[in-house]
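Notes to accompany the following structure.
The values are calculated or read from the model by the stated rules, or taken from the named source; none is laboratory data. In this text, all values refer to a predicted model and were calculated from it rather than measured experimentally. SASA here: full protein model, heavy atoms, side chains in, ligands and nucleic acids out. Shrake-Rupley method; radii C 1.70, N 1.55, O 1.52, S 1.80 Å.
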Amino acid sequence: MTSSPAPSVTLVAADPQRDAPLLQGWLSDPHATFWGMGDLDAAAVEEYLSGITRHPDQDAWLGLVDGIPAFYAETYDPARVLLTGIHDAQPRDLGMHVLISPPADEPRHGLTDAVFAAVMAWCFGELGAHRVVVEPDASNDRIRRKNVRAGFTELREVTVDDGGHLKTAMLSVCTRADFAASDIARDRKASA
């Protein structure tokens with residue numbers, strides 16, 4: 001069995017006007033249910049993205065795989081956004097969300113791991129995080145398993161006001177060392 005070469009993954013600042021129609025399509029796909037934004041039209045997604053890009057403590061990123069848009073990521077300061085009063089933030093904590101585009105006709109094995117590894121490396125390298133913090137829906141078993149494979153430690157369930165609706169989330173953290181020792185990071189090195 002031959003393995004396919006590791007994809008080239010890059011992140012660029014999201015542009016609300018350029019990226020809203022693409023992101024709206026991804027959000028309306030059933031695989032993005034946990035984002036809770038499937039009913040938004042492109043104008044509403046553009047407004048949402050504009051709010052993030054204007055906010056001093058949040059950033060929006062478009063992810064490219066081999067030069068083609070394939071995922072969206074958000075980073076935020078958990079001491080000032082979303083987890084204020086919920087998470088005991090340490091200096092250089094960085095909150096993160098990631099949404100991978102819907103599967104293509106022929107899904108590429110290992111793509112999700114490659115994207116996840118690249119986002120984590122971006123958070124620690126380019127953005128200088130000491131810990132990455134996530135708060136996935138507690139019932140989203142798939143992303144929780146992916147987080148654990150990336151080195152996250154699940155701390156506890158918390159209630160988060162996620163854009164006007166409350167969700168029960170699994171607060172989880174990952175240090176640089178935790179990520180470096182994770183299955184996803186090891187697999188990334190092996191395929192490089």
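Ignoring ligands, DNA and RNA, what percent of the accessible area of the chain is carbon or sulfur (1.4 Å)?
The computed percentage sits at 52.
Where in the chain are the DSSP H helices whose alpha-carbon span along the long axis reaches 24 Å or more and whose Kyte-Doolittle mean is at least 1.6? Walk me through the numbers on the way to the answer.
On the way: long enough: none.
Going by DSSP H runs, there are no hits.
Which of (1) 16.2; (2) 18.2; (3) 17.0 is the computed Kirkwood radius over Cα pairs in Å for the structure on display?
Here the calculated entry is (3).
Hey, what do the phi angles of region 63-75 turn into as Karplus ³J(HN,Hα) couplings, whole Hz, using 6.51/-1.76/1.60 and θ = phi - 60°, x for Gly and Pro?
x, 10, 10, 6, x, 10, x, 9, 7, 10, 9, 10, 10
Could you work out the helix-only [θ] at 222 nm for the chain, with each DSSP H run of four or more residues adding -39,500 (n - 2.57) and the total divided by the number of residues, to the nearest 500 deg cm²/dmol?
-9500 deg cm²/dmol
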